[in-house]
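This report concerns only the one structure given below.
The values are calculated or read from the model by the stated rules, or taken from the named source; none is laboratory data. Computed from a predicted structure; not experimentally measured. So basically every Cβ, Gly included, is an ideal-geometry build from the backbone, and we count neighbours across all protein chains shown.
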């Protein structure tokens, strides 16, 4: 078939274009740029948080800090009285499984601080049980590394897990509530979590009138798995009144939103233990006792580091 010269020329251009622009090389995906942490309030060296707060040798003694609180929480429309336990301890994680390692000779180990929060809440019908585990890289007390939380009561159980992939947080959940079920969602990174405040705020550079803002995700220690609310919160530090705490303390006010204010009292003396807490939704904590001891079953291991103090020794610290 005869083709006019201008049509033939056009065809050759199209073929040439496809041979170049339509090649397999042009379809290759562009690799994402490596994540570079922003210099925000949570990670800024020399900022409002002491990044080396958990590097003190106190946490090298092989023991856990076990703090027991008299607590209140509104459940089924009524304030319930119970005991709340918060455990803070240094652990070695491995990157492969992202859990506490059993082999201390692994090349992918790294140190974390674990904070376990446990409570059993009695009600007129049946008890509620909550356990939340938070993990932070030891030199990053404000940036959550991992969170798991579960609730159990006679209606069902709910589990949520939040992990950091370096770009964002991924939340996986499995809830017994209709409209929730099981799923995954992405959450914003470089934020605080309300569950973590009793630990994270201990690392503040406490000073009168210290004030800053930060996004904070709402409490995850619940039986619900809704998309968590992200507050733009204002955090303010004040000298605590002598009548408000059993020892010299800082008062930290966290204004999540209008009419939603939490208040935390931290001891001035290191390790800045949480002494009291009140929240906008009726949760209260009041320190009863704090001890340091190895609460976990001991298993022989040639690779586990030992400490000169003695793993099984317990130290009870008085609440002044």
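When residue 155 is tested against (1) surrounded by 13 or more Cβ atoms within 10 Å (Cβ to Cβ); (2) closer than 27 Å to residue 74 by Cα; (3) touching a strand residue (DSSP E or B) at 6+ places or on another chain (Cβ under 7 Å), exactly one condition is not met: (3).
Here residue 103 fulfils each of the conditions (1) closer than 23 Å to residue 250 by Cα; (2) out of contact with any helix residue (DSSP H, G or I) (no Cβ under 8 Å at 6 or more places or on another chain); (3) in a loop (DSSP other than H, G, I, E, B); (4) touching a residue at least 60 places away in the same chain (Cβ under 8 Å) apart from (1).
Table: residues versus (1) out of contact with any helix residue (DSSP H, G or I) (no Cβ under 6 Å at 6 or more places or on another chain); (2) modelled with pLDDT under 95; (3) assigned to a strand (DSSP E or B).
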| site | (1), (2), (3) |
| --- | --- |
| 254 | yes, no, yes |
| 277 | yes, no, yes |
| 280 | yes, no, no |
| 292 | yes, no, yes |
| 297 | yes, yes, no |
| 309 | yes, yes, no |
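Within region 192-227, being in a loop (DSSP other than H, G, I, E, B), buried (at least 22 other Cβ atoms within 10 Å of the Cβ) and within 15 Å of the chain's Cα centre (by Cα) holds for one residue alone: 220.
Filter region 229-244 down to the residues that are surrounded by fewer than 21 Cβ atoms within 10 Å (Cβ to Cβ) and either under 23 Å from residue 73 (Cβ atoms) or touching a residue at least 60 places away in the same chain (Cβ under 8 Å) (or both) and list them by number.
229, 230, 231, 244
Here residue 99 passes the criteria (1) within 18 Å of the chain's Cα centre (by Cα); (2) within 30 Å of residue 126 (Cα to Cα); (3) loosely packed, with under 15 Cβ neighbours inside 10 Å except the one numbered (2).
Among the residues of region 46-59, is any assigned to a strand (DSSP E or B) and crowded, with 17+ Cβ neighbours inside 10 Å?
Pass one, region 46-59, residues assigned to a strand (DSSP E or B): 49.
Then drop every residue that is not crowded, with 17+ Cβ neighbours inside 10 Å, which leaves 49.
Taking every residue of region 46-59 in turn, at least one turns out to be assigned to a strand (DSSP E or B) and crowded, with 17+ Cβ neighbours inside 10 Å.
Considering each of 115, 74 in turn, give the residue that is in contact with a helix residue (DSSP H, G or I) (Cβ under 6 Å, 6 or more places away or on another chain) and either at pLDDT below 95 or assigned to a strand (DSSP E or B) (or both).
Numbers: 74 fails: in contact with a helix residue (DSSP H, G or I) (Cβ under 6 Å, 6 or more places away or on another chain).
Just one listed residue meets the conditions, 115.
Is it fair to say residue 180 is in contact with a helix residue (DSSP H, G or I) (Cβ under 7 Å, 6 or more places away or on another chain) and under 23 Å from residue 129 (Cα atoms)? Show your work before the answer.
Working: in contact with a helix residue (DSSP H, G or I) (Cβ under 7 Å, 6 or more places away or on another chain): no; under 23 Å from residue 129 (Cα atoms): yes.
Spelling it out, it is not the case that residue 180 is in contact with a helix residue (DSSP H, G or I) (Cβ under 7 Å, 6 or more places away or on another chain) and under 23 Å from residue 129 (Cα atoms).
Region 118-174 holds strands (runs of 3 or more DSSP E) entirely within its bounds, and those carrying 2 or more residues that are closer than 24 Å to residue 295 by Cα, at pLDDT 95 or above and touching a helix residue (DSSP H, G or I) at 6+ places or on another chain (Cβ under 6 Å) map to 128-137. Contact map, region 275-291: first residue more than 12 Å from residue 72 (Cβ to Cβ), second residue modelled with pLDDT under 95 and part of a strand (DSSP E or B), Cβ cut-off under 6 Å, separation 6 or more or different chains; pairs are 290/317; 291/316.
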